[in-house]
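Below is one structure; the comments refer to it alone.
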Amino acid sequence: MRLALRELRRQPGRFAIATFTLTLIAVLLMFLGGLLDGLIQSATGAYRAQPGQLIVYSADANDSLAGSRIDGPLR
């Protein structure tokens, strides 16, 4: 601890740059985490908003809700 305080007194500029860099990295990681959470919530919103307990896809939809088309008589 004594060595760290002595280095801080000797080279405050280097300490400030390192502190700023680490703070910036932490803020950017939190920003990316929030962005990723929002994208996941947006992408799964159609599935979560369904009132039913069962989701039926057309045969050629490849488990894609957006690509699934079921004709009226089949409903």
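Every number in this text was worked out from the coordinates using simple rules, so none of it is lab data. Just so it is clear, the structure is predicted and the values come from calculations on it, not from any experiment. When we count neighbours, we look across all protein chains shown, and the Cβ atoms used for this are built from the backbone with ideal geometry, even at glycine.
Below, the figures for the structure above:
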quantity	calculated
Filter result for L22 (surrounded by 10 or more Cβ atoms within 10 Å (Cβ to Cβ) and among the aliphatic types (A, V, I, L, M))	yes
Count of the range 26-75 residues which are surrounded by 10 or more Cβ atoms within 10 Å (Cβ to Cβ), in a helix (DSSP H, G or I) and touching a residue at least 12 places away in the same chain (Cβ under 8 Å)	1
Test result for I17, among the hydrophobic types (A, V, I, L, M, F, W, C) and either touching a residue at least 12 places away in the same chain (Cβ under 8 Å) or part of a helix (DSSP H, G or I) (or both)	yes
Odd one out for R9 among (1) assigned to a helix (DSSP H, G or I); (2) surrounded by 10 or more Cβ atoms within 10 Å (Cβ to Cβ); (3) of a type outside the set (A, V, I, L, M, F, W, C)	(2)
Residues being of a type in the set (V, I, T) and under 18 Å from the mean Cα position of the chain (by Cα) - total across the range 37-63	2
